[in-house]
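Worksheet: one structure, shown below.
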Amino acid sequence: MICLLDEHRTIKASSGNFVSGADQVNDDLVANSTSAGTNQVFTVAHHGGPNRVSLAVAGNQFVSAHQGGGGEVRTDRSVASTWETFEVISLGG
């Protein structure tokens, strides 16, 4: 069961830049923005538990880890399936 929430998040890289993923469909995710705007906001969808999520960008395109991981990470899927589901792991603190 997928529960699309009105929960919006940004992702910040260790460089301090925000991850962008909504410039256009089929974009690679890149950490290239010094501020968080529309293209840096992800909508979180939970998959039956708090740690299994999908991320959607503007235009309702889901983030996909191609080849189930090991490939590009892009915003190119209109439906969230296996390659569009990620596990959130707390680093503590």
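Based on this model, can you work out whether Leu4 counts as modelled with pLDDT under 85, open to solvent by 90 Å² or more (accessible area, probe 1.4 Å), at negative phi and touching a His at 6+ places or on another chain (Cβ under 9 Å)? Yes: the conditions hold for Leu4. A search for C-beta distances below 6 Å between a residue of segment 57-84 that is closer than 18 Å to His8 by Cα and any residue that is of a type in the set (A, V, I, L, M) and not in a strand (DSSP E or B), counting only pairs 6+ apart in sequence or on different chains, returns Val57/Ala22; Ala58/Ala22; Gln61/Val25; Phe62/Ala80.
Please find, within segment 43-93, the residue that is surrounded by the fewest Cβ atoms within 10 Å (Cβ to Cβ) out of those that are among the acidic types (Asp, Glu) and either in contact with a helix residue (DSSP H, G or I) (Cβ under 8 Å, 6 or more places away or on another chain) or part of a strand (DSSP E or B) (or both).
Just the residues of segment 43-93 that are among the acidic types (Asp, Glu), to begin with: 72, 76, 84, 87.
Narrowing the set further to residues that are either in contact with a helix residue (DSSP H, G or I) (Cβ under 8 Å, 6 or more places away or on another chain) or part of a strand (DSSP E or B) (or both) leaves 72, 76, 87.
Numbers: Glu72: 12, Asp76: 16, Glu87: 9.
Here the answer is Glu87.
The values are calculated or read from the model by the stated rules, or taken from the named source; none is laboratory data. This is a predicted model, so every value here is computed, not measured. All Cβ positions, even for glycine, are placed from backbone atoms using ideal geometry, and neighbour counts span all protein chains on display. Note: accessible area is taken over every heavy atom of the protein model, side chains too, but ligands, DNA and RNA are not part of it. Shrake-Rupley method; radii C 1.70, N 1.55, O 1.52, S 1.80 Å.
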